[in-house]
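Read the structure below first, then the notes.
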Amino acid sequence: MARHLNSPQRNKASACVHLPTGTPMKTALRLASALLLSTSAVPALAQEKVTIAVGTSVLNVGYPMLTLPMTLGYWKDAGFDVSVEPVGASLQAIQQMVAGNADFAQVDASVVVQANVENDLPVRIAMGNNVIDWSISVPTDSDIRGAADLKGKTIGVFSLATGGIPYLESYLAEAGMDMENDIELIPVGFGAAPVEAFKSGQVDALLYWGSATAGFENAGLEINKIAPEDWRRYPGYSLTTMQGTAERAPEMVTAIIKGAAMASVFAEANPECAVRLHWKAFPETRPAGVPEETALEHDLNYLNAQLGSMTDAFALNGGELWGAVDTEGFGRLQSFLNAAGIVEGDIPPEDYIVAIPGFFETINDFDADAVRAAANACDML
């Protein structure tokens, strides 16, 4: 897991993209598209080594579909040495995948639509993990109750390339507001920085995803969460790969996603066990300086926020197959982004999904009851 995306081994096969945090999304994706064309003749990397770039800066317990397969040995048992790398925002994760530095990218679905529609990048959904679980956090005593109240306010975001910005832009547009002229976005990063910015009044609100917002609550912030009701009816955080990777290595793609599906079932069955296994494998991520009971409470808050979004996505996508993707959901999201003026154009919704015959049935071809029984026993600690 410690191998870095810009290691010399990885750079033998590809160029690494590094753009400033504030690079506009369309510009960055256009550069990524050009890089994809320039590296299309590069030989495929050995299937035994797999890298997943994650649109976050910190891998905590809130990513069970990515960390538990390593902890439980699912990917190792399938013959793959997987490295999971936090790289920043969703845009940066896609850049790394397009550049060939990663085989998969965990990103917000809105960025997937933009990559395909605006830049003709063949980014494909291999696993639908979440619904849109972003929200705008404001102090409980704030007079901000809806979009109109945000006029003239400052909003803290992880970065100016973070995946939730298109949703905010649409929310403001519905209230007749323009994001460039009516609000100010301030990148405040992750962890303690946004908490301090919120406490000090540097920002009036915070726009973050579900598990990050749970972290703000863990830090003692008293907040109200504002989000349109329809947001949770759209696909959100998703595990993606390039179309070329799916065509070149369908067995690898299937094995990686199956491990992620098994881990999702495990975490849902016993969240506390999932937390304790994460601590065992990654002891540096355990909350420090607090009693074990408090540390467990905080990390369960992170994990349960993610699991809530994951189970909503499971229901949205049919309620039968983990990771399955509702093509109608992507059609709705694409229409939503067009109506908001965030993208111009569309592709057939089914083209967003990885094209491997029987894919979602195959990745769910495991004994889910046995996985749940192992989770409930939790005897691997």
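The values are calculated or read from the model by the stated rules, or taken from the named source; none is laboratory data. Bear in mind that the values here come from a model prediction, so they are computed numbers and not experimental data. Using ideal geometry, Cβ is built from the backbone for each residue, glycine included, and neighbour counts are taken over all protein chains shown. Remember, those area values only see protein heavy atoms, side chains included, never the ligands or the DNA or RNA. Shrake-Rupley method; radii C 1.70, N 1.55, O 1.52, S 1.80 Å.
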- Residue list for segment 299-326, filter: open to solvent by 40 Å² or more (accessible area, probe 1.4 Å), within 17 Å of M262 (Cβ to Cβ) and aromatic (F, W, Y): F314
- For L296, the lone unmet condition from (1) part of a helix (DSSP H, G or I); (2) under 30 Å from G100 (Cβ atoms) is (2)
- Query: Scanning for something assigned to a helix (DSSP H, G or I), closer than 23 Å to N301 by Cβ, open to solvent by 50 Å² or more (accessible area, probe 1.4 Å) and not β-branched (V, I, T), does segment 207-220 turn up at least one residue?
  - Reply: yes
- For residues in segment 56-65 being open to solvent by 10 Å² or more (accessible area, probe 1.4 Å) and not hydrophobic (A, V, I, L, M, F, W, C), which is nearest to R286 (Cα to Cα)? N60
- Given the structure, is N270 out of contact with any Cys (no Cβ under 9 Å at 6 or more places or on another chain), modelled with pLDDT of 95 or more, surrounded by fewer than 20 Cβ atoms within 10 Å (Cβ to Cβ) and over 30 Å from D120 (Cβ atoms)? no
- When E344 is run through (1) at pLDDT below 95; (2) surrounded by 15 or more Cβ atoms within 10 Å (Cβ to Cβ), the failure sits at (2)
- Task: All but one of (1) farther than 12 Å from I256 by Cβ; (2) of a type in the set (A, V, I, L, M); (3) within 15 Å of the chain's Cα centre (by Cα) hold for M127, so report the exception by its number.
- Result: (1)
- Query: What do you reckon, is L296 in contact with a strand residue (DSSP E or B) (Cβ under 8 Å, 6 or more places away or on another chain) and either crowded, with 16+ Cβ neighbours inside 10 Å or at pLDDT 95 or above (or both)?
  - Reply: no
- Scanning for something modelled with pLDDT of 95 or more, on the phi < 0 side of the Ramachandran plot and out of contact with any strand residue (DSSP E or B) (no Cβ under 9 Å at 6 or more places or on another chain), does segment 226-238 turn up at least one residue? no
- Please work out if I136 is in a strand (DSSP E or B) and farther than 13 Å from W209 by Cβ. no
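Kindly check whether there is at least one residue in segment 152-166 that is of a type in the set (D, E, K, R) and either outside any loop (DSSP other than H, G, I, E, B) or modelled with pLDDT of 95 or more (or both). If you could, list the steps in order and put the result at the bottom.
Here is the first cut: in segment 152-166, the residues of a type in the set (D, E, K, R) are 153.
Checking the rest, the ones that are also either outside any loop (DSSP other than H, G, I, E, B) or modelled with pLDDT of 95 or more (or both) come to 153.
For segment 152-166, residues of a type in the set (D, E, K, R) and either outside any loop (DSSP other than H, G, I, E, B) or modelled with pLDDT of 95 or more (or both): present.
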- So how many residues does segment 66-81 have that are open to solvent by less than 10 Å² (accessible area, probe 1.4 Å) and not aromatic (F, W, Y)? 4
- Task: Check N301, N338, N376 and return the single one that is assigned to a helix (DSSP H, G or I), at pLDDT 95 or above and among the polar types (S, T, N, Q).
- Result: N376
